[in-house]
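K.L.:
Sharing a structure here in structure tokens format.
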Amino acid sequence: MSDIIREIEAEQMKAAVDDFSVGDTVKVYGKIKEGNRERIQVFEGVVLKRQGGSNRETFTVRKTSNGIGVEKTWPLHSPNVEKIEVVRRGKVRRAKLNYLRDRVGKKAKVKELVR
């Protein structure tokens, strides 16, 4: 990759990114624009995957709302992501938790990592 592209990407990256990994339960504070007003909406769920690199990195969060699974993919360095707060750490052994989509109830939980 050329140096010009690296410089542009470095400008777009956030200075401090919250430390979280796959399996963690996180609260994502996202900016929502409604008409001429802006507000912050919290989306809390389990991180299924992190992918990409540099300023293109994204992460997918899954939660169940009224018995229906809802997934949302967020760009990590987006200005629309206000902050990411880790609620609990998860103990997982793989990088992508796609198998959680098929699970319901207690089987859909991720064990907590005790440090």
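K.L.:
With labels modelled as points extended 7 Å from the Cα through the Cβ direction, what inter-label distance (nm, one decimal) is found for MET13 paired with ARG88?
P.N.:
Here the answer is 3.2 nm between the modelled labels.
K.L.:
Run the numbers on the chain and let me know its relative contact order in percent, using alpha-carbon pairs under 8 Å that are six or more apart.
P.N.:
This gives 27 percent for the chain.
K.L.:
Ok, one more. So which trypsin sites (Lys or Arg not before Pro) in region 1-104 end up in coil per DSSP with only 13 or fewer other C-beta atoms within 10 Å?
P.N.:
Here the sparse-neighbourhood loop sites are LYS14, LYS91, ARG93, ARG94, LYS96, ARG103.
K.L.:
Separate question: Run the simple label-point estimate for GLU38 and GLU112 please: 7 Å along Cα→C-beta, distance reported in nm.
P.N.:
3.5 nm
K.L.:
Next question. Rounded, prolate or oblate, given the Cα gyration tensor of the chain, with a/c below 1.5 counting as rounded?
P.N.:
Oblate, because a/c is 1.5 or more while a/b does not exceed b/c.
K.L.:
Right, something else. Just from its helices, what would the mean residue ellipticity at 222 nm be for the chain, if runs of 4 or more DSSP H residues each count -39500 (n - 2.57) and the sum is divided by every residue, rounded to the nearest 500 deg cm²/dmol?
P.N.:
Computed mean residue ellipticity for the chain: -2500 deg cm²/dmol.
K.L.:
Which of VAL70, VAL46, VAL28 moves most in a GNM of the chain, Cα contacts under 10 Å?
P.N.:
So, out of VAL70, VAL46, VAL28, the one fluctuating most is VAL70.
K.L.:
Report, in debye and to the nearest 20, how large the dipole of region 3-100 comes out about its Cα centre when Lys and Arg carry +1 and Asp and Glu carry -1 on their Cβ.
P.N.:
580 debye
Each reported figure results from applying straightforward, stated rules to the coordinates on display, with no laboratory input. Because the structure is a prediction, the values reported are computed rather than measured. Every residue, glycine as well, gets a Cβ built from its backbone with ideal geometry; the counts of neighbours run over all protein chains shown.
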